[in-house]
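Report on the structure given below.
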C-alpha cells in the first residue's frame, strides 16, 4: 500500500498555550514555548513508526506526539533549532519518497462562533476539554478541518493574532477540531487568523468529505 502524505506542517515557534497544551496531553518528550515544531500525518497509520525512526536517527529532534491508528498516523517533533526541525522534515519526505507539495491541502469543514455562551453550556464544554476553561458570557470559536493535523497550525496562528484561551485541540483522527474562547473582538480576530492560515497552505486537494 502506498503511503499518503496527509499533513506536513511546520510551526516556526510554538505559542505558549499550544506548547503547554501539548505538554499536558502528550506522552512523549514535551515541548516548551518558542520551539519549532513539525507535524506529519500519513496513511496508513502503522507506517508512522518508520517515519519516527527515520527522523530520530538523522537529527536531534524530540517527539512529543505519536498517534498510531489503522487509517492515519500522526507524529510531532520539535527542537529549539528551526534548522534541525526542517532537516527532520527533509529526512521524512525522503523516507516517504514524496515532496512537500504532495501533501494534502487542508479543507475547512466547520467554522462556528457562539457569542455570549450560557453557563450551562460552558459546564458541558469544560468537562471534556483539556485546556483552558471557557467562562459564561465569553465567545466560543469552533473549527474543524481535514486532514486533522493542520488544526495545530490554526491554533498556533490564532494565538499569535489575538488574546484568546485555548480550550481544546484534537489533531488526529478523521478530522481536527479546535475550540477557542475569549472576548468577542478577540475571537473574531483569532477566527480570521486561523482560517487564513489554513487557506494559505498549498497542496493536493483532499477527497470530498462524506459524513457517514
* Taking the condition touching a residue at least 40 places away in the same chain (Cβ under 8 Å) and assigned to a loop (DSSP other than H, G, I, E, B), does residue 134 pass? -> yes
* All positions within the range 68-100 that are under 17 Å from residue 19 (Cβ atoms) and either out of contact with any strand residue (DSSP E or B) (no Cβ under 9 Å at 6 or more places or on another chain) or outside the structural domain of residue 10 (by TED's automatic domain parsing) (or both) -> none
* Asked: Where in the range 1-90 are the strands (runs of 3 or more DSSP E), entirely inside, with at least 2 residues that are at pLDDT 95 or above, touching a helix residue (DSSP H, G or I) at 6+ places or on another chain (Cβ under 9 Å) and more than 27 Å from residue 161 (Cα to Cα)?
  -> 4-11, 62-68
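Residue-by-condition table, conditions (1) closer than 22 Å to residue 15 by Cα; (2) within 18 Å of the chain's Cα centre (by Cα); (3) surrounded by 11 or more Cβ atoms within 10 Å (Cβ to Cβ):
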| residue | (1), (2), (3) |
| --- | --- |
| 76 | yes, yes, yes |
| 81 | yes, no, yes |
| 84 | yes, no, yes |
| 97 | no, no, no |
| 102 | no, no, yes |
| 106 | yes, yes, yes |
| 119 | no, no, no |
| 127 | no, no, no |
* To do: Would you point out the residue of the range 151-173, among those that are out of contact with any helix residue (DSSP H, G or I) (no Cβ under 6 Å at 6 or more places or on another chain) and either touching a residue at least 40 places away in the same chain (Cβ under 8 Å) or buried (at least 18 other Cβ atoms within 10 Å of the Cβ) (or both), that is nearest to residue 38 (Cα to Cα)?
  => 152
* Residue list for the range 180-201, filter: in contact with a helix residue (DSSP H, G or I) (Cβ under 7 Å, 6 or more places away or on another chain) and surrounded by fewer than 24 Cβ atoms within 10 Å (Cβ to Cβ) -> 189, 193, 197, 198, 201
* Across the range 97-108, what is the total count of residues that are farther than 20 Å from residue 36 by Cβ and assigned to a helix (DSSP H, G or I)? -> 2
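The values are calculated or read from the model by the stated rules, or taken from the named source; none is laboratory data. Owing to the predicted nature of the structure, the values given are computational and were not obtained by experimental measurement. Ideal geometry is used to build each Cβ from the backbone, glycine not excepted, and the neighbour counts take in all protein chains shown.
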